[in-house]
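One structure below.
The values are calculated or read from the model by the stated rules, or taken from the named source; none is laboratory data. Model, not experiment: these values are computed from the prediction. Cβ placement follows ideal geometry from the backbone for every residue including glycine, while neighbour counts extend to all protein chains displayed.
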Amino acid sequence: MQLVMKMPIVTLTTDWGNQSFFTGMVKGALCSAVEGVQVVDITHHVDPFSVMSATFVVKHACLGFPAGTVHIIDVATQPPLLAVKARGQYFLCCDNGVPATAFGDEIEDAAVIPVPDGSPLGFAAHTFFVPVAQRLLAGAPLSDIGPRPESLVRRTMTGWLRSGDEYRVVIHYIDSYGNAYLGMTYHEFEQERQGRRFEMIVREQRINEIMDSYYQQHATADPRRKLRLIVSATGLLELAVKESSFVQLIGLRTNDAVILKFKD
């Protein structure tokens, strides 16, 4: 039997937006089912039906919670439904690639959440994930939830590709400010750089330095746009425009790529 959390926590990561009743419906069910539960909204603005966007959010936003936290992820949900344990936390989602792509070999255990034959999936977060969250927070092991899946869907999340002396670096995520998170970490960047000068080509603009913050005054890019390359809190390289939106001004979006070159 697992230790029961002193303060049960459930998080919500969805593409519901803030204008529907879905969030309130699930929160009400959780508060009725789990005494003293703290429900934390990670985001309800994942790109609609985007497994890659959900994977990025879960990987970078959910793992700082205490062991035993239950994370409900409702994006592009369809059977089979899963309860997955990774880094001591639980993730209720479906087998659409989010858990295996986000956590890979760090998955400790998994269970298929039973859906009775002929039962409509309906609002899975409310109908199926809330009762499972209640059981997990009460100390039930995953073996009591359902059978282990034979395998999990895993998607390829390409971060960057090298072709000759050029690197195509993919945009993985756009935040609410319109900033673009690239699929290359600063650590990877420095490993490839090996002390050389660099040039990142973003449409017609060229960047050759990493700035300390969004607000650093000196900019080598077009001063009208103030495009800057920084290291985000996730450790990934990030493209931003001071006091404006990278997406609106530059036009690139998720899965587009920028060009990176190193100069001897």
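When region 140-151 is examined, which residues are found to be at pLDDT 95 or above and either more than 23 Å from the chain's Cα centre (by Cα) or among the aliphatic types (A, V, I, L, M) (or both)?
To start, the set of residues in region 140-151 that are at pLDDT 95 or above comprises 140-149.
Once the filter is applied, which keeps residues that are at pLDDT 95 or above and either more than 23 Å from the chain's Cα centre (by Cα) or among the aliphatic types (A, V, I, L, M) (or both), region 140-151 yields A140, P141, L142, S143, D144, I145, G146, P147, R148.
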Counting only residues that are farther than 18 Å from H126 by Cβ, without any contact (Cβ under 8 Å) to a residue 60 or more places away in the chain and under 12 Å from the mean Cα position of the chain (by Cα), region 8-53 contains a total of 1
Considering region 3-54, residues that are in contact with a Pro (Cβ under 9 Å, 6 or more places away or on another chain) and in a strand (DSSP E or B), and then whichever is surrounded by the most Cβ atoms within 10 Å (Cβ to Cβ), we arrive at I9
Taking region 76-97 and the residues there that are modelled with pLDDT under 95 and in contact with a Phe, Trp or Tyr (Cβ under 8 Å, 6 or more places away or on another chain), the one that is surrounded by the most Cβ atoms within 10 Å (Cβ to Cβ) would be A76
Within region 48-97, residues more than 22 Å from S232 (Cα to Cα) and β-branched (V, I, T) come out as T69, V70, I72, I73, V75, T77, V84
